[in-house]
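Worksheet: the structure to be examined is printed underneath.
The values are calculated or read from the model by the stated rules, or taken from the named source; none is laboratory data. Remember, predicted model here, so these are calculated numbers, not experimental data. Every residue, glycine as well, gets a Cβ built from its backbone with ideal geometry; the counts of neighbours run over all protein chains shown.
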Amino acid sequence: MLTRNDEPAVASGPSRNRLAKARSVTWLGQTTASVCWIGSMLTSGVESTGDWLQLFAASAWLLANIVTIVTADGD
């Protein structure tokens with residue numbers, strides 16, 4: 001006997017929105033830029049107060065991008 005499966009085969013709601021947002025050019029570009037900024041700061045050395053401020057700024061930018069994905073709702 002065949003039974004009907006009412007569960008969707010594809011993710012829906014918040015997880016689907018997160019995936020779509022993570023694949024967007026805007027989010028990928030900003031995340032890549034912040035990771036590159038962090039990498040350049042770490043490879044060039046963090047010696048002055050300005051270097052630390054740049055590292056904190058890049059880290060905050062990356063954190064904001066990650067929070068955007070985690071808190072994405074099913075718009």
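Looking at the range 21-39, which of the residues that are surrounded by fewer than 13 Cβ atoms within 10 Å (Cβ to Cβ) and more than 10 Å from Ala58 (Cα to Cα) is modelled with the lowest pLDDT?
Only one residue fits best here, namely Arg23.
Within the range 52-73, how many residues turn out to be of a type in the set (S, T, N, Q) and loosely packed, with under 11 Cβ neighbours inside 10 Å? Give the derivation first.
Quick first cut of the range 52-73, residues of a type in the set (S, T, N, Q) only: 54, 59, 65, 68, 71.
Those still in the list that are loosely packed, with under 11 Cβ neighbours inside 10 Å too: 71.
Total satisfying the criteria: 1.
Could you grab me the full set of residues in the range 58-75 that are modelled with pLDDT under 90 and among the aromatic types (Phe, Trp, Tyr)?
Answer for the range 58-75, where residues must be modelled with pLDDT under 90 and among the aromatic types (Phe, Trp, Tyr): there is none.
Which of (1) assigned to a helix (DSSP H, G or I); (2) out of contact with any Phe, Trp or Tyr (no Cβ under 7 Å at 6 or more places or on another chain); (3) at pLDDT below 95 does Asn5 not meet, given it meets every other one?
(1)
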